[in-house]
Amino acid sequence: MRAHRLEDFEAMLAMWQDDAIVRHITGRPSTSNETWSRLLRYIGHWHALGFGYWVIEDRETGLYLGEAGFADFHRDMDPPLGSAPEAGWAIVSASHGRGLATEAMQAAHAWIDAHGTHGQTVCILAPEHAASIRVAEKCGYAHAYDTTFAGGLTSVMKRARPSA
């Protein structure tokens with residue numbers, strides 16, 4: 001895993017325009033403008049908040065495989081998520097089923113547990129997205145409540161930071 005670079009834009013755009021990726025996240029492919037804004041948001045999170053997303057790349061080829069990490073998107077939700085970092089991940093569809101999301105998020109959680117100051121992290125998922133729910137559970141998340149976000153039912157899951 002490594003920091004995002006401007007050179008990641010084309011690979012990100014391809015991933016965020018893949019119906020298999022966006023089906024349970026935004027429900028529609030991202031535009032070039034939306035993906036560019038996402039890339040800049042990821043870079044900016046590190047500068048402004050001290051945490052963010054990483055690129056997941058193939059160790060041997062350097063190929064872009066997805067992204068994972070934490071953000072504060074100030075989502076318009078009721079109840080609000082608060083200031084807890086929100087975990088998220090997306091893996092290119094050609095690499096689904098290889099355990100990459102779990103491996104990346106376990107590494108991301110090890111990092112935030114060691115460097116973060118928050119007592120918990122959260123994630124939001126479409127209730128029907130069984131694969132991502134399994135990733136969240138493997139990372140220590142438990143269902144907290146259901147709400148509505150962006151016009152659809154959304155499950156909020158929480159994970160307490162382990163005691164030192």
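The values are calculated or read from the model by the stated rules, or taken from the named source; none is laboratory data. As the structure is a prediction and not an experimental result, all values here were calculated from the model. Here Cβ is always computed from backbone atoms with ideal geometry, including for glycine, and neighbour counts include all displayed protein chains. Side chains included, ligands, DNA and RNA excluded: accessible areas come from the protein's heavy atoms. Shrake-Rupley method; radii C 1.70, N 1.55, O 1.52, S 1.80 Å.
Taking the criterion of being at pLDDT below 95 and either of a type in the set (Lys, Arg) or under 15 Å from residue 111 (Cα atoms) (or both), the only residue of segment 52-73 that qualifies is 59.
So that you can scan it fast, the table gives a plain yes or no per residue for (1) at positive phi; (2) over 14 Å from the mean Cα position of the chain (by Cα); (3) touching a residue at least 60 places away in the same chain (Cβ under 8 Å):
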position	(1), (2), (3)
94	no, yes, no
98	no, yes, no
108	no, no, yes
123	no, no, no
130	no, yes, no
144	no, yes, no
154	no, yes, yes
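Can you tell me which residue in segment 113-129 is nearest to residue 22 (Cα to Cα), limited to those that are buried (at least 17 other Cβ atoms within 10 Å of the Cβ) and touching a strand residue (DSSP E or B) at 6+ places or on another chain (Cβ under 6 Å)? Filtering first and then ranking leaves 125.
Of all residues in segment 84-99, exactly one satisfies the criterion of being more than 19 Å from residue 156 (Cα to Cα), at pLDDT below 95 and of a type in the set (A, V, I, L, M, F, W, C), namely 94.
Of the residues making up segment 130-138, at least one is at pLDDT 95 or above, surrounded by fewer than 17 Cβ atoms within 10 Å (Cβ to Cβ) and touching a helix residue (DSSP H, G or I) at 6+ places or on another chain (Cβ under 7 Å).
When segment 55-77 is filtered for residues that are among the basic types (Lys, Arg) and over 17 Å from residue 90 (Cβ atoms), only 59 remains.
Could you go through segment 145-164 and let me know if any residue there is assigned to a helix (DSSP H, G or I) and open to solvent by 40 Å² or more (accessible area, probe 1.4 Å). Looking for residues that are assigned to a helix (DSSP H, G or I) and open to solvent by 40 Å² or more (accessible area, probe 1.4 Å), one finds none in segment 145-164, hence no.
Scanning segment 40-60 for residues that are open to solvent by 30 Å² or more (accessible area, probe 1.4 Å), part of a strand (DSSP E or B) and of a type outside the set (Phe, Trp, Tyr) gives a single hit, 57. Scanning segment 61-111 for residues that are touching a strand residue (DSSP E or B) at 6+ places or on another chain (Cβ under 7 Å), surrounded by fewer than 18 Cβ atoms within 10 Å (Cβ to Cβ) and part of a helix (DSSP H, G or I) gives a single hit, 95.
When the residues of segment 10-39 are filtered to those that are of a type in the set (A, V, I, L, M, F, W, C), over 15 Å from the mean Cα position of the chain (by Cα) and open to solvent by 30 Å² or more (accessible area, probe 1.4 Å), which remaining residue is farthest from residue 99 (Cα to Cα)?
Of segment 10-39, the ones of a type in the set (A, V, I, L, M, F, W, C) are 11-16, 20-22, 25, 36, 39.
Filter once more, keeping what is over 15 Å from the mean Cα position of the chain (by Cα): 11, 13-14, 20, 36.
Filter once more, so that each one left must be open to solvent by 30 Å² or more (accessible area, probe 1.4 Å): 11, 14, 20, 36.
Details: 11: 20, 14: 21, 20: 17, 36: 27 Å.
Among those that are of a type in the set (A, V, I, L, M, F, W, C), over 15 Å from the mean Cα position of the chain (by Cα) and open to solvent by 30 Å² or more (accessible area, probe 1.4 Å), it is 36.
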